[in-house]
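First up is the structure itself, then whatever we jot down about it.
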Amino acid sequence: MHKKMAFSFPDEVLEHVFSFIQSDKDRNAVSMVCKSWYEIERWCRRKVFVGNCYAVSPRMVIRRFPEFRSIELKGKPHFADFNLVPDGWGGYVFPWIAEMAGAYPWLEEIRLKRMVVTDESLELIAKSFKNFKVLVLSSCEGFSTDGLAAIAASCKNLKELDLRDCEVDDLSAHWLSHFPETYTSLVSLNISCLGSDEASFSALERLVRRCTNLKTLRLNRAVPLDKIANILRHAPQLVEFGTGTYTADVRPDVYSDLAGVLSSCKELKSLSGFWDVIPDYLPAIYPVCSKLTSLNLSYATIQSPDLIKLVSHCPNLQRLLVLDYIEDSGLEVLASSCKDLQELRVFPSDPFGAEPNVSLTEQGLVAVSLGCPKLQSVLYFCRRMSNEALVTIARSRPNFTRFRLCIIEPKTADYLTLEPLDVGFGAIVQYCKDLRRLSLSGLLTDRVFEYIGTYAKKLEMLSVAFAGDSDLGLHHVLSGCESLRKLEIRDCPFGDKALLANAAKLETMRSLWMSSCAVSFAACKLLGQKMPRLNVEVIDERGPPDSRPENCPVDKLYIYRSIAGPRFDMPPFVWTMDEDSGLRLS
Amino acid sequence: MEGSVGCDNDLNLRATELRLGLPGTEPVSIVRSNKRSLQQVADDDCGVNGCKSDDQNETAPPPPKAQIVGWPPIRSYRKNNIQTKKNESEGGGIYVKVSMDGAPYLRKIDLKIYSGYPELLQAIENMFKFTIGEYSEREGYKGSDYAPTYEDKDGDWMLVGDVPWEMFITSCKRLRIMKGSEARGLGCGV
């Protein structure tokens, strides 16, 4: 019998419709409708996103998506940013490059985060992908300027080279000269992480001069202030610019040169850099301030009055990164001047000092929350907080999507009432219904987790440190937070019970990190046995976990879902708990 | 509830473990009074090793705070930036040794707190109880047995006062008050 389909479009039509769907989540949903949609979708997916490079193998990705042009991979857990993941843990990109090099030479874009990238990988990229266009390495490490030279020399169509926050072995600044004289397609260059003292200014200048489509240029600290004018002169079309060191002997000719060149950059919307700033040279940027939407002053060690002057010139600011030198008074000015502010990050100038060195308190955050109606993302380091302030913040700014508060001293109580900050953070999750990311700090009991489990239904990522009293806290989160994808916990008294009771939940999440908690080795083994689609990895530099009693807590635990099975590139201090009920020593 | 460091058994692994902080301090920050650190919670509950140094923590004055690994959560490149700035001069001060010929011990002063030569010299005079003469470019310090000198970045001994103040404080490595014939030799026009 011939089955008739009530509605049936030719594949090309469906493909055309799918081409309007860009987001991975939507694409994934589309692929689950029926078998034929799965097939059509997989052939026309052009961008692949892999949030955990160990969740799937390169071969599996290539098999399913035979024609992708762009891939994004993430490696190490987030806490690697704070040195909690020992060197050698993993996250190597080479196996991916090797597989992709063989599979298709038409790959155009590679975006990596927290991965180990070697010069060998970079050389393979340069050699294998003839139409390679975009390389974004975010918080990566393992490569040197030699690898960059290979990219520069071979990738004739390269548009974007972005090395944000990478650790690069700076052997020589001459890698820039490897861009051939005929190469003109650069649109975005971010080398702000490079350290090299001896910078090849003439090569840089020549590169900027011939790449007339350059829109983003972020220089590194080594580029002196008096060289910036020469570079900018050839790039008045820049939209995003990061200075090098922003200090020099005060000379009127250097100043007027710089001010003149900056004012001719009519498209400039974003500024960053400003290492070693001296206030004398700041007014040079005033002419461009009114158009600025993004300003990164997080390296600028200038005091509040200069910061205030600067910020008051920027009424259209949407994103500000700054040191706590801005103080409460500066944040009050920010609140009244920058009504379009969406994102604020305030970093500590003296994070290890015992006493506060600046007058930055919870008041600054309250002022900005009250005054900036579009504020939705905050990262704030301070030394004191109160429930009252948090409640005010939550009530006035229910549109927060990312709220990360770091009270510098662990377990700091409400400074007014000496109570835990449970109620304050409870208000944040209760009022901010679209909250996707939350970082907690201060003195917190299990109660705060009860609030989070009850209210934070859209929460995707939660970071917890030195908080809670018992397993109940962890249980509230795992059982209540429906949208949870990433959970990272350190130094909390959470143990076996909550983890084992919520084992199934872990398969709905990308990953769970627990370090310096109370999860026993026995529980890890059990979890590894029970849940074959989870990789349960114990990280312990003290030696094999079975050399200690089973009920002994493990040092660090990283659990993530995977369809690729246990990995095989683990260093000696990582053990995987798999279903063979034993310990696989790497 | 087992603590995270409660189960070292008898290997005393902590003695060999790498961590930040001064030797002899606990890896977890010692918090004062009512707040019980995770370490103390662990020790109270853990039966394996018994109580360690709780009493010590409660009665003794708090030791200098040891840094906790990865806390506060700041990227290394930010930490490096702050450190460099502190070392340079902002808030850190430029401390140099001051020696005086014949004095039993040296002193140290912060050059940053002075706005110019007159104040610096006045401070040194007060510190060592003597008088420096009048400065002139031609003749150095006339009118006393003493001459203030400093060692610069190149290792040469220079007379204080010849170069602009800003240049002086960035190039001065140490100060020496020369006395007697040596001093007079400097001031003598040849």
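The values are calculated or read from the model by the stated rules, or taken from the named source; none is laboratory data. Keep in mind that this is a model prediction, so the values were computed, not measured. Cβ placement follows ideal geometry from the backbone for every residue including glycine, while neighbour counts extend to all protein chains displayed.
Answer with yes or no whether A:Gly473 is assigned to a helix (DSSP H, G or I), small (Gly, Ala, Ser) and within 14 Å of chain B (Cβ to nearest Cβ). For A:Gly473, the condition - assigned to a helix (DSSP H, G or I), small (Gly, Ala, Ser) and within 14 Å of chain B (Cβ to nearest Cβ) - is met. A single member of A:Ser520, A:Ser463, A:Ser511 is within 14 Å of another protein chain (Cβ to nearest Cβ), under 23 Å from A:Ile539 (Cα atoms) and either under 19 Å from the mean Cα position of the chain (by Cα) or surrounded by fewer than 20 Cβ atoms within 10 Å (Cβ to Cβ) (or both), and it is A:Ser463. The number of residues in the stretch A:536-554 being closer than 26 Å to A:Val56 by Cα and out of contact with any helix residue (DSSP H, G or I) (no Cβ under 8 Å at 6 or more places or on another chain) comes to 3. The single condition from (1) free of Cβ contacts under 8 Å to residues at least 40 places away in the same chain; (2) part of a loop (DSSP other than H, G, I, E, B) that A:Val61 fails is (2). Considering (1) touching a residue at least 12 places away in the same chain (Cβ under 8 Å); (2) within 14 Å of another protein chain (Cβ to nearest Cβ); (3) farther than 24 Å from A:Cys338 by Cα, the lone condition that A:Arg404 does not fulfil carries the number (3).
List the residue pairs whose Cβ atoms are under 6 Å apart, where the first residue sits in the stretch A:247-276 and is closer than 16 Å to A:Leu310 by Cα and within 14 Å of chain B (Cβ to nearest Cβ), the second is surrounded by 18 or more Cβ atoms within 10 Å (Cβ to Cβ) and of a type in the set (Phe, Trp, Tyr), and the two are 6 or more positions apart or on different chains. Between residues of the stretch A:247-276 that are closer than 16 Å to A:Leu310 by Cα and within 14 Å of chain B (Cβ to nearest Cβ) and residues that are surrounded by 18 or more Cβ atoms within 10 Å (Cβ to Cβ) and of a type in the set (Phe, Trp, Tyr), the close pairs are A:Phe274/A:Tyr246; A:Phe274/A:Tyr299; A:Trp275/A:Tyr299. Scanning the stretch A:523-556 for residues that are assigned to a loop (DSSP other than H, G, I, E, B) and within 14 Å of chain B (Cβ to nearest Cβ) returns A:Asp540, A:Glu541, A:Arg542, A:Gly543, A:Pro544, A:Arg548, A:Pro549, A:Glu550, A:Asn551, A:Cys552, A:Val554, A:Asp555. Of the residues making up the stretch A:480-499, those that are within 17 Å of A:Tyr558 (Cβ to Cβ), in a loop (DSSP other than H, G, I, E, B) and more than 9 Å from chain B (Cβ to nearest Cβ) are A:Leu484, A:Arg485, A:Phe494. A:Tyr54 meets the conditions (1) more than 25 Å from the chain's Cα centre (by Cα); (2) part of a loop (DSSP other than H, G, I, E, B); (3) not acidic (Asp, Glu) in every case but one. The failed one is (1).
All of A:Gly468, A:Gly424 fail the test of being buried (at least 20 other Cβ atoms within 10 Å of the Cβ) and within 12 Å of chain B (Cβ to nearest Cβ), apart from A:Gly468.
Assigned to a helix (DSSP H, G or I), without any contact (Cβ under 8 Å) to a residue 40 or more places away in the chain and within 16 Å of A:Leu163 (Cα to Cα) - does that describe any residue in the stretch A:105-119? Checking the stretch A:105-119: at least one residue is assigned to a helix (DSSP H, G or I), without any contact (Cβ under 8 Å) to a residue 40 or more places away in the chain and within 16 Å of A:Leu163 (Cα to Cα).
Just one of B:Lys86, B:Lys97, B:Lys65 is surrounded by 12 or more Cβ atoms within 10 Å (Cβ to Cβ) and either more than 14 Å from chain A (Cβ to nearest Cβ) or modelled with pLDDT of 80 or more (or both); which is it?
B:Lys97
Taking the criterion of being in contact with a Gly (Cβ under 6 Å, 6 or more places away or on another chain), closer than 30 Å to A:Tyr299 by Cα and either at pLDDT 85 or above or within 14 Å of chain A (Cβ to nearest Cβ) (or both), the only residue of the stretch B:100-121 that qualifies is B:Asp110.
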